[in-house]
Structure formats: C-alpha cells, structure tokens
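Novice: Handing you a structure now.
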Amino acid sequence: MSASAVRAVDVRKSYGKGSTAVTAVAGVTMEVTSGEFAAVMGPSGSGKSTLMHCLAGLDTVDSGEIWVGDTALAGLGDKKLTALRRDRVGFVFQQYNLLPTLTAKENILLPLDIAGTKPDELWFDEVVTAVGLADRLGHRPAELSGGQQQRVACARALVTRPAVVFADEPTGNLDSHSGAEVLSFLRRCSQEFGQTVVMVTHDPTAAAYSSRVVFLSDGLLVDEMAKPTAQAVLDRMKAFEPAAAPAPAPRTGA
Amino acid sequence: MLRATLRSLLARKLRLALSGLAVVLGVSFVSGTLILTDTLGRVFDDLFATVNAGTSVSVRGVNALGEGATEDREPVPEEALARILSVEGVAEAVGRVSGYAQVVGPDGKAVATGGAPSLGVEINPDSSQEALVVKSGEAPQGEGEVAIDAGTADKAGIEVGDRVTVLLRGPAREFTVSGIVGFGTTDNLAGASLTAFDLPVAQRLVGVPGTFAEIAVAAEEGVDGAELGRRISAVLPDGYEAVQADQIVAEASAEVKQGLGFFSTALLVFAAISLFVGAFLIFNTFSMLVAQRTRELALLRALGASRRQVTTSVLIEALVVGLLASVTGFALGLGVAVGLRGLLGVLGIDLPSGETVVATRTVIASLVIGVGVTCVAALVPARRAARVAPIEALRESGPAEDRSLARRGVTGALLLAAGVGVLAYGLSDGTLPLVGLGALTSFLGVATLSPFVARPVTGLLGAPFARLGVAGRLGRGNAVRSPRRTSATAAALMIGLALVSAVSVLGASLKTSVVAVVDRSLGADYVLHTETFSPFSNEVATALRAQPDIDAVAAFRFGTAKVGADVSSLQGVEPDALQQVLRLDTVAGDLDALGRGQLALSEDAARSRGLEVGETVPVTWSRTGEQPLVLGAIYAANEFAGEVLVSDAVFDANTSEQLLGVIAATGRDGVVPAQVRQMVDRAVAGFPNIVVEDQAEFIDAQGAQIDQLLNAITVLLVLSVVIAVLGIINTLALSVVERTRELGLLRAVGLQRRQLRRMIRVESVVIAVYGALLGLAVGTAFGWALVRALRAEGITEFSLPVGRLALIVVVAALAGVLAAALPARRAARLDVLEAVAAT
C-alpha cells in the first residue's frame, strides 16, 4: 500500500477522566493517497483537529493505528516521532507559525537547520518562487502581512519534501484574498509537485480547493465528497445542524 | 538551532541582563577579594624581602614550642657577636633589638595603630643590613634621642626636634626626635609604628640588657649562605640557631598570609552567599522565560527539534549570560580590590604601593564560578523546556499550574531534613563548612516547601489591602493564586533576610550573654586595658598598687605554652589578687597552690587532657623548653580566667614577656566608688594608652564592639538582599509581560491606570513581606541553633532582638514598594487594544 501517504485505522482518542471524559475521535478509519489534496471538515467539536493532530504525530491515540507512508506511529518513542516530524511531515497552523526572531528565509529553512542538513538550493528557490516571496526573504514576521506569514509557513512545510503536509485551518485568520492565495498554492503543491496535503477546515470555500472532502461528526467519519464545490459542501454542512435531516448511515472510507 | 537560540537571546537582552547582574555582583566580589589578597601577599613578600636584604643568616634563640613565628625566644647574648665575627666569610654582624615602645602624640594620646604592633627597635645607620632609611634629620644618638617612622610622625604631627614621651616596658620617658625614618620605600611597616633608638639604649629600654633579639649576619661576596649558616652554627652555644634569611622572610610572610587568609575566607563566604542568592534569580528568570516561550518551544518541537536540542538551546543562553556576567564581574572586581585597599588605608593600614596582582587562578575562578552558577541554576528550567509538548504550539492559553505539588513536597521535606541534620552535626562537631552546607540545604528545603504555606500566608498578609478596594483585592489575588511564582520570587529575599536575622539574633544573644558572663565571672570593680587589648607596661600595675584605696590589683600576662599534650593560651597573674578579682569556683584542689608554683586548669582543659589534681604535667615553654608543673587546682569555666593559670612568678621565670594584657582591680571595702575611681584615674594619668572601665562600662564597650561587628556583617549581607530585590523587580516585570492580555482586559473593563499600579504594588509588597517573614522564621531558628551550639563558648543567653527584626519586615515592605515601581509603570502604560489582542 505504498501509494497511501497517511492512513488511520480505527483511531480512538478521548480527553479527561471519569465524569469529565470527552470522546474526541470515536473510531475513524481513513486513507489519503499520495499526491491527494484532502480536506477534513465538520462542525466544531467533531474531532477533526484532534484527528489531524494524531495523524501528524503531535498527539497520541488511545487505540487504533496510524501510518505515515510505511511507518507506523504507534510504538515510536519520542525521539523517532520527533525525527519523523522533522523529516517526513510538514505543518501549517492557523497562527503563530513562525519564530518572531528569525527572518522569512531562516524560518523556511528551520527544519533543515534543526536536522543539520544543507538545503537543496534549487528546490528552495523553486518553493520560494512558488509562494511568491522572493523579495521578502530578509524580513521578520512582524514585517509581513498575515497572508505572507502563512505563505512563509507553507514554504517551510514544503522545503523538506515531506510525505504529507498538514494544514490546520490555514486561512482561518486571513482575509478572503490572502486566503485564496494560500489555498491555490496548496492546490498547486498537490497538482504540480505531487505533494500530499491534508487540510482541516470549517470553511466550505476553502474545502472547494481540495480534491476530496471527508466529513466528521461527533468523532466519526460520516461522509465523503469527491470533486467538491463550495455550494455542495455548504449544503452538506447544513445537514449537520440540529434541526436538519438526520445524518445518513456512517460509511467507513476506503 | 544555534541561530534561533542566539536570536531569542538577543530579543530578551534586558531581562537576561537583569538576572545576569546578580552573577556580576557575586563574581566581582570573588575576583576583588582574590585580587586584593594576592596583591597584598606579594606586597608583604616584597616588604619582608626588603627588610632582610643584605642579610644572609640570622642568629636567634630556638623556639622550643616549634610553632611558626610565635616569638618568645631566648635573647642572644652579646658575647656571641665576637664569636660570629670571627667566622670566615662573615662580612658584617649586627645585633637587632625588638620590643615595645609607643609614642604619645602632642595631644597627650598614644598614637593608635589600629591593631598593628607598636615596636621599639634599634637603628644602625652604618650597617649594610639596616632596613630603616633616615628620611629627614639624623639617626638618634645617646640616651635622649629617638627616630620615629614617617607614618606615626604624620598621624601625630610630630617633626624633627620635637620632644615626645615614649611609653616603654618600664617607666615612660621623654626624648627628642632626632629624625624621621621610613621602611624601605614605605612610611611604616604595614601600619606598625616604629620607634628607633641608638643600639645600647634600645637594648636597655626595649630589649634585655646585654643581649640582642637576634644577630643579623651579612656574607662576604661569593660566600654561600647555607655554608655560612653551618659555620656559624658550629660556634653557637646550645639553644641558638643560625637560620637562612629566606626562611625568616618565609616565616614572616606566612604569618601575614595566615591573617590575610582569614580575611579572604570571610569575604569569599559573603561572595558565596551573594552567588547563591543570584542562582535563585537565574532560576526564576529562566523558568519564567521558558514558560513564556512555550509556544515557540512547542513549535520547535513540532518541527522536529529533539528534546536534547531544546535543553541545549536554553543552556546555551545560560552559558552566554554567564560568560558575559563573569567577564564583567571580573573587570568590576579590579575596582572592588582598589576600593577595599583604599578602605584599609583609611583605617590607617598603609600598604606600600605595588602592582595589582591578577593571578591566573583569579581569572579562571571568576569564569568558572560565573558560568557554573548560571548554568546550574538554569538546568531545571532547561529540562522543563524540553518537556513542552509539541501540541502546545496550537493552544491558546498559557500552561496550567497543574504540576503535582506532591513530588515537590517530598523533595522539599527531604532537603529540609537533610539540611537540618547536617547543620546539627556540623554545630556539634564545630566544623564550619558543614554548618554552611547544612544551612544552605535547609534554605533550599524551605524554599521548595514554601508554596505550601504561601497561599494561606499571603492571603492573610493581603487581607488588609483587599479591604482597601478593588486594586488591593486584585493584587492580593495575584499573589495568592500562584503560590509557586510567589514562593520563587520571595525565595531569594528569604535567604538574604534569614541570614541577616540569624546574625542579629546571634549578636543580641551575645550581648545579653556578656552581661551574664560579667555578673558570673568578674568580681573586680575595674578593668584596665588598651583600646585594642595590646600589651602595656607593668608600670600601670605598680602605679595602681601605690594608690591607698585600691585593694587588689591583678595584672594578667598573656602567653602560650604546650600543657600536657595540647598547646593552649595561658595567663600569669598574682595568686593573692586573683581570687579577689574573679569569681572562681574551685572544683578540685585549692587555688592557693598557684602561690606554690603550681598549675591551675579549667574543668574542660583538665578533662580533655585527662588530668587530675596532684599529677605532674609537662609544660613546654617556647623559651625554657619542658618544665614539669604540678596541677594544683581545677576551676569551673570562667571566661576571664581562661583555660590555664599560673602565678606571675612562674610566668616570668619561663617567658620574656614582661608586658601585661589586662589588669583587674578592686577598691577597698567601705570606700565610696567615686573616690576609688578618682584614684584609678589618677594612677593611669601618665599612661594615655590605658582605658579604665567599671563593670557597666566594660559591658557597654563589649556591646559596642559586638554591634560594630554585627553592622559590618549586615552591610556585607546587604549585597545579597539587594540582589534579592532585583529578583523581585525582574519577576514582576516578566509577570507583567505574561499577563498582558489580562491587564488589557482589566483596563478595557474600566480599571484606572492608578489602580493598576496599585494592584502591582500590593502584589509586590505582599510577596516581599512574605519573603521577609519566612526569612525571619528560618533565620531565628538558625540563630537559635547557633546560640545553642556556642553555649560552651560562653553564649549562654538567647535573646530575640524584636525591634531589629520588626525593622527588617518594614524595610522589606518598603523594598516591595520600590521594586514595583518600574513594572507598575510598564503595566499602566500598556495600550488597551494591543494588550487585549496580544499573544
């Protein structure tokens, strides 16, 4: 199954103990193939962020398996997990992506710096050109707009050529124009560079950029949609509202 | 990673600088002390070498005690001089005289030397070995002339041609000042005053007639000093030795260096205390910085930095701070050394100028200590930084205070128990380093356990403020809700004030004990001594005895001898007067035995040597060697009698010390005290160096000295307290940054700037007073332990200086107000919208 970039098998995760226990992910199985741009959507409290954290190796699961490429995350000690994050996974968070004391260029190269490997100059130039920040490399985050900061974060996520890039609400803090820039860049990554991208979002417009959307509700995977449009996603999301029609029977993804 | 580390360091320059300041101060103390003692050591080495330049061999009596340079040697008879001159290779041999002579200034007061000896010597201007240099006038000739050292001449305003009175072993005499002399290149010998006489005059008035203290021999050119020494030894009678000049220099230097060693150790102890307090500061600062950088650290972890890389990055920050602080501290230490030297000069100790000695070990010590303290203090925060979970990069709120207090409680209890144990053992054993170690560990234990009591105590302390309004309520709430932060901030202050209060308790107990001791042990009406308890002439006792209404005069002479197996200090005194001036309880035997030439020992001295009344005890004197004495009496501990007593006759027979240490005298029964006092004052009129005290005055004088020492120690401890207050400022400032959003919210909701400032001030005062109270409690306990341990030394009463302790609390509160000034201003100046939107 080497065409699978990241895979979850019956993943469960809950927080707290006893009476205050909250089940975030209640048994999700899904797979993202290599080169795919997948979006994970759901109302708040659906467990989408938690699922992504587990997939990315930022958090541990209570039960179930997670695979990044051919590597199973379960049983990996902190050192190996850290190395995985450094070399095989890229992150774009909603905010606070960058170290305020480093320039854009230094932020982009940070994972390589941590690993102590020399950057591939050609790839670096390509990525920088792709995000359109060639003239801003010497600037600190405080001197960049929100959209520019997110693009720096994207560039950083790509520079190590990871197996998968995880984006957690990457456009949540951006205006529609900057957001569109970031999203089209992510799509280009998937389509032109063959980069696998998994994005968590609650915004139907953002989801429309992806090639496949999976819907989570109450910790379970309830639906999928290929070739999504903003309208279709919006309609589907409306179905989650309490007064709406009951959700269809949960289907496990293939 | 390194780049990220260094950048983040630069971004926090100011905060790290403040914490680094603590290390700077501590290191400067260390380097200043080391530089000063090294410089002084070299200065004295050079000085003694100058004195003995030209001399190859010195002939002197053998010291039977074998201890260093403690002088009580048999004087060398004049006849030896001729014999020595006949030895082949001797270019010159001159006799040297040394004894007591003190100049009385034109104002009628004896010229003070601040503790250095007042020496009477000979001057032999024709000798190639003469160390004294005539600066103006001429060398003295005959009975009526003296030359005095330039230092004393300056101090007293004496010039060539003046008439001066000189106090001697025998009756005081008047002389004409024929000249002013210097010692090598200096004005005097490190503060000691020198009165020089013509040689035969010196022998008679200052030395022992017909003898010399030593004979200095210069070698002919080409003659080896060791060989010459051997030849000379061959012609000397038993009991005398020919010693190489460099051995003399080494002995003299060693004695001085021992004194310097004590001085240096004392200062280094204070430096260590400041560094210990500084370490707390570093720990605090780094802990808070790590907490504030949680998101940044989490991001690094998310991006794949390993735990070790994160820990290392924090430690590198500590390393850089430590390095910069050490270098700055070392440079500052040079200034400290100069300052300390100036201080000594003001006290009258004139040191010859010499280049400042900066030994390699000083540089290394400064760097190692500074860097070491900083890195060790930052170790725990660095480890904590590595435990930040990568997922915290996504969290909004700060880290919750849910770390288990239980583990901390166990650690704290263990530390405290261990510390108290080591302390108790050290006190009972008398090992000072153990006492210090035990105390420090106990402080650490208390600091670790502090959060447990912080909440209730700060709640109580803050209650009056809370009553005053919302600002007070919020301020108190801030101090109460984070007991860990409050404890950490207060810890440094606690340590500084614990030491101050311990010293205060000790001092107060000491003063009270003195009263008890005097009541218990002293029966005399009057005690006579010089200001510095330096030796004085027996003529004073003679003058007192001549007065009609003075009943008993006991003249105590101080000496050293080996009694049985151990060396101890002893006193020689007239047996009849003894029991009238001291309240002695005879435990065994009879004190009258002293009059029969027997020995008396204190209970402790007898017990530790396993001696009983009637036994013959071998007593080794430095001049006469081993003499058997019968133990005639054992007396209960008496601080004035000391450990060993002999009669004045026995003392005089075995030592050449003819000067007195102290006189105790009683007036005749039935005579009005005022009249007796008049008699005493009349008797000592001719001796301006003598101070007369009745029991009350004696107690007061002792009390004043204790106060002086206490204040000096407190001043040295103030450095630590200052560092601790810096710590409070630092922590408050960091916490303001941490709570930016919260403060913005308060302002948005309507809290005035003034109220915000007051809130921070209240928090600061509560924390400072909390630290002070904790410090007082710990310090009083420590002081009590010290008093208990020193009971054998005469500190029998425990006294609590309530006024002084209360003052400490008040000062701490004021310090709290001051410390809050800058952070409060910073907080009040926050822009509301920026603050609310802050990360």
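The values are calculated or read from the model by the stated rules, or taken from the named source; none is laboratory data. On a predicted model such as this, the values are computed, not experimentally measured, just so you know. So basically every Cβ, Gly included, is an ideal-geometry build from the backbone, and we count neighbours across all protein chains shown. Heavy atoms of the whole protein, side chains included, go into the accessibility calculation; ligands, DNA and RNA do not. Shrake-Rupley method; radii C 1.70, N 1.55, O 1.52, S 1.80 Å.
Novice: Would you kindly calculate the translational diffusion coefficient of segment A:142-234, applying Stokes-Einstein with the Kirkwood radius from alpha carbon pairs, for 10 °C and a viscosity of 1.306 mPa s, and quote it in µm² s⁻¹ without decimals?
Specialist: For these conditions, the coefficient is 114 µm²/s.
Novice: Hey, if you drop one equal point scatterer on each alpha-carbon of segment A:1-60 and run the Debye formula without solvent, what base-10 log of I(q)/I(0) do you get at q = 0.17, 0.19, 0.28 Å⁻¹?
Specialist: Taking Cα atoms of segment A:1-60 as identical point scatterers yields -0.61, -0.74, -1.31.
Novice: Right, something else. Find the accessible area per residue for chain B; the probe is 1.4 Å, ligands and nucleic acids are left out, and the unit is Å².
Specialist: About 43 Å² of surface per residue is accessible.
Novice: Which three semi-axes in whole Å describe the equivalent ellipsoid of segment B:717-839, each the square root of 5 times a Cα gyration tensor eigenvalue, listed largest first?
Specialist: 41, 12, 10
Novice: To test your reading of the geometry: what angle, between 0 and 90 degrees and rounded to tens, separates the Cα axis of helix B:483-521 from the longest principal axis of chain B?
Specialist: 30 degrees
Novice: Net charge near residue A:62, counting Lys/Arg +1 and Asp/Glu -1 over other residues with Cβ under 15 Å of its Cβ?
Specialist: Local net charge: 0.
Novice: Working out 0.36 nm times the residue gap between residue B:588 and residue B:308, then minus their Cα-Cα distance, what length gain in nm do you get to one decimal?
Specialist: Separation in residues times 0.36 nm, less the Cα-Cα distance, equals 93.6 nm.
Novice: Across 5 Å bins from 0, what is the distribution of all Cα-Cα pair distances for chain A, in whole percents?
Specialist: Result, from short to long distances: 1, 6, 14, 18, 19, 17, 12, 8, 4, 1, 0, 0 percent.
Novice: Then there's this: For segment B:172-318, count the residues as N, evaluate 2.2 N^0.38 Å, and divide the Cα radius of gyration by that value, please.
Specialist: 2.21
Novice: While we're on this one: Buried accessible area between B and A (1.4 Å probe, both chains summed, ligands and nucleic acids excluded), in Å² to the nearest 100?
Specialist: 2400 Å²
Novice: Next up: For segment B:399-471, just say rounded, prolate or oblate: build the C-alpha gyration tensor, square-root its eigenvalues into a ≥ b ≥ c, call rounded for a/c under 1.5, and beyond that prolate if a/b exceeds b/c, oblate if not.
Specialist: oblate
Novice: Send over the semi-axes of segment B:283-324's equivalent ellipsoid, whole angstrom and largest first, taken as the square roots of 5 times the C-alpha gyration tensor eigenvalues.
Specialist: 19, 13, 7
Novice: Here's a follow-up. Considering only DSSP beta bridges whose two residues both sit in the protein assembly as shown, what percent are antiparallel, to the nearest 5?
Specialist: Percent antiparallel among DSSP bridges in the protein assembly as shown is about 70.
Novice: Right, another one. So what is the calculated 222 nm ellipticity per residue for chain B, using -39500 (n - 2.57) for each DSSP H run with n of 4 or more, over all residues, to the nearest 500 deg cm²/dmol?
Specialist: That calculation yields -19500 deg cm²/dmol at 222 nm.
Novice: Evaluate Rg over Rh across the protein assembly as shown, taking Cα atoms for both radii and Kirkwood's formula for Rh.
Specialist: That ratio equals 1.15.
Novice: Additional query: At 1.4 Å probe size, what's the solvent-accessible area of residue A:67? Round to the nearest 10 Å².
Specialist: Around 70 Å² of this residue is reachable by solvent.
Novice: Please list the non-local residues whose amide H lies under 5 Å from the amide H of residue B:212, H modeled 1.01 Å from N, same-chain partners needing a gap of 5 or more.
Specialist: B:76, B:78
Novice: Now for a separate question. With a 1.4 Å probe and all protein chains left in place, how much accessible area per residue does segment A:70-170 have, in Å²?
Specialist: I get 40 Å² per residue for this part.
Novice: Go ahead and estimate [θ] at 222 nm for chain A from helices alone: -39,500 (n - 2.57) per DSSP H run with n ≥ 4, summed, over the residue count, rounded to 500.
Specialist: For chain A, the value works out to -9500 deg cm²/dmol.
Novice: With label points built 7 Å along Cα→Cβ from the Cα atoms of residue B:821 and residue B:428, find their separation and express it in nm.
Specialist: 5.0 nm
Novice: Given segment A:107-254, what percent of its DSSP beta bridges are antiparallel, to the nearest 5?
Specialist: 55 percent
Novice: A follow-up question, please. How many percent of Cα pairs in segment B:507-593 exceed 17 Å?
Specialist: Here the long-distance tail beyond 17 Å is 63 percent of all Cα pairs in segment B:507-593.
Novice: Then there is this: Just to be sure I understand the interface: list residues from segment B:7-51 that lose 20 Å² or more of accessible area between the chain on its own and the complete protein assembly, 1.4 Å probe.
Specialist: Listed in order, they are B:7.
Novice: Would you work out which of A:204, B:475, B:256 lies farthest towards the positive end of the dipole of the protein assembly as shown? Charges go on Cβ: Lys and Arg +1, Asp and Glu -1.
Specialist: The residue sitting most towards the positive pole is A:204.
Novice: In whole percent, what relative contact order does chain B give with Cα contacts below 8 Å and a gap of six or more residues?
Specialist: Computed over chain B, the figure is 16 percent.
Novice: Still on this structure: Find which of B:591, B:434, B:759 sits farthest along the positive direction of the dipole of the protein assembly as shown, computed with +1 on the beta-carbon of Lys and Arg, -1 on that of Asp and Glu, about the Cα centre.
Specialist: Going by the Cα projections, it comes out as B:759.
Novice: Where in segment B:128-152 does the label zone of residue B:85 land, with the point 7 angstrom along Cα→C-beta and an amide N cut-off under 18 Å?
Specialist: Inside the label zone: B:128-130.
Novice: Do me a favour and compute the ellipsoid semi-axes for chain B from its Cα gyration tensor, root of five times each eigenvalue, largest one first, whole Å.
Specialist: 62, 33, 25
Novice: Taking R0 as 56 Å, what's the FRET efficiency between residue B:360 and residue B:596 from their Cβ-Cβ distance, rounded to 0.05?
Specialist: Once the sixth-power term is evaluated, E becomes 0.35.
Novice: Here's something else I'd like to know. Assuming R0 = 41 Å, what is the FRET efficiency of residue B:715 and residue B:470, from their Cβ-Cβ distance, to the nearest 0.05?
Specialist: Computed FRET efficiency for residue B:715 and residue B:470 comes out at 0.50.
Novice: May I ask you to give the average projected area over all directions of the convex hull of the Cα atoms of segment B:227-285, in nm² rounded to one decimal?
Specialist: For the Cα atoms of segment B:227-285, the hull's average projected area reads 6.4 nm².
Novice: Quick check: from the Cα gyration tensor, does segment B:370-510 come out rounded (a/c under 1.5), prolate or oblate?
Specialist: Since a/c reaches 1.5 but b/c is at least a/b, the shape of segment B:370-510 is classed as oblate.
Novice: Using modelled backbone amide H atoms (1.01 Å from N, in-plane), which distant-in-sequence or interchain residues come within less than 5 Å of residue A:220's amide H?
Specialist: A:26
Novice: Moving to a separate point now. When the Kirkwood hydrodynamic radius is evaluated over all pairs of different C-alpha atoms of segment B:34-176, what value in angstrom, to one decimal, is obtained?
Specialist: Kirkwood hydrodynamic radius for segment B:34-176: 17.8 Å.
Novice: What is the angle, in °, between the Cα long axis of helix B:225-235 and the longest principal axis of the Cα atoms in chain B? Nearest 10 is fine, range 0 to 90.
Specialist: The angle comes out at about 40 degrees.
Novice: Could you work out how much longer the chain between residue B:391 and residue B:255 gets when fully extended? Use 0.36 nm per residue separation minus the Cα distance between them, nm to one decimal.
Specialist: Answer, rounded to one decimal: 42.4 nm.
Novice: Rounded to the nearest 0.05, what FRET efficiency do residue B:107 and residue B:3 have when you use their Cβ-Cβ distance and R0 = 56 Å?
Specialist: 0.20
Novice: Let me ask another. Quick one: Karplus J couplings for segment B:578-594, per residue in order, coefficients 6.51, -1.76, 1.60, θ = phi - 60°, nearest Hz, x for Gly and Pro?
Specialist: 3, 6, 8, 9, 10, 8, 9, 9, 7, 8, 8, x, 9, 5, 4, 4, 4
Novice: Would you work out which of B:165, B:278, B:830 lies farthest towards the positive end of the dipole of chain B? Charges go on Cβ: Lys and Arg +1, Asp and Glu -1.
Specialist: With unit charges placed on the Cβ atoms, the residue in question is B:830.
Novice: Run the accessible area of segment B:152-196 with a 1.4 Å probe and give the carbon-and-sulfur part as a rounded percent.
Specialist: The computed percentage sits at 46.
Novice: Hey, another quick one. Using 0.36 nm per residue of separation minus the Cα-Cα distance, give me the extension gain between residue A:62 and residue A:120 in nm, one decimal.
Specialist: Here the answer is 17.0 nm.
Novice: Continuing with the same structure: Ignoring ligands, DNA and RNA, how do B:293, A:161, B:173 rank by accessible area with a 1.4 Å probe, largest first?
Specialist: Putting B:293, A:161, B:173 in descending order of accessible area: A:161, B:173, B:293.
Novice: Tell me, what ³J(HN,Hα) does each residue in segment B:741-758 have, in order and in whole Hz, if you take phi through Karplus 6.51 cos²θ - 1.76 cosθ + 1.60 with θ = phi - 60° and put x for Gly and Pro?
Specialist: Here the 3J(HN,Hα) series is 5, 4, 5, x, 4, 4, 5, 4, 7, x, 6, 6, 4, 4, 5, 4, 4, 5 Hz.
Novice: A further question on this structure: So for the pair residue B:701, residue B:331, with labels modelled 7 Å out along Cα→Cβ, what separation do we get in nm?
Specialist: 4.9 nm
Novice: Just the accessible area for residue B:468, please: 1.4 Å probe, Å², rounded to the nearest 10?
Specialist: Accessible surface of residue B:468 is approximately 130 Å².
Novice: Please report, in cubic angstrom per residue, the volume enclosed by the convex hull of the alpha-carbon atoms of segment A:23-145.
Specialist: In segment A:23-145, the Cα hull volume divided by residue count equals 155 Å³.
Novice: Still on this structure, please answer the following. Can you give the % of DSSP beta bridges in chain B that are antiparallel, to the nearest 5?
Specialist: Percentage antiparallel, nearest 5: 80.
Novice: Please calculate the 1.4 Å probe accessible area of residue A:202, with all protein chains present, and give it to the nearest 10 Å².
Specialist: 100 Å²
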